[in-house]
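A short worksheet on the structure shown next.
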Amino acid sequence: MQTHIMIPVQEFCMHHQVDPSFIYSLKESGLIEIEIVEEISCIPADQLPDLEKITRLYEMDINLEGIETITYLLGQLNRQEEKIRMLTNRLRRFESDELT
């Protein structure tokens, strides 16, 4: 059985000095997930890198709509970079086949 590391919302908020309502608004907009563990709202640890990036945007006074847009565009950019990487590897394979 695999266990998942969970960080309580209150602990994250205290450490990053953000209001819990911000975290709950991120959940409502679909940017993060919150799970209830023993009646405590928690954030899965695998979401921390993204949540910390979002928190830095929030600290720069970017509103929720702006954060949603930035997150969407960064996701698009990451998918395009992965596609380019895949196509580059594929092209290298064909080029090496031609040389032999």
- Message: How would VAL37, VAL9 line up from fewest to most surrounding beta-carbon atoms within 10 angstrom?
- Response: VAL37, VAL9
- Based solely on C-alpha atoms, express the radius of gyration and the Dmax of segment 6-99 in angstrom. 18.5, 63
- Once label points are set 7 Å from the Cα along Cα→Cβ at both MET86 and ILE36, what is their separation, rounded to one decimal in nm? 3.8
- To the nearest 20 debye, what charge dipole does segment 1-67 have about its Cα centre, counting +1 at the Cβ of each Lys and Arg and -1 at the Cβ of each Asp and Glu? 140
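Any read-out appearing in this document is the output of simple, stated calculations on the displayed coordinates, not a laboratory observation. Since this is a predicted model, take the numbers as computed values, not measurements. Glycine gets a Cβ as well: all are built from the backbone with ideal geometry, and neighbour counts include every protein chain shown.
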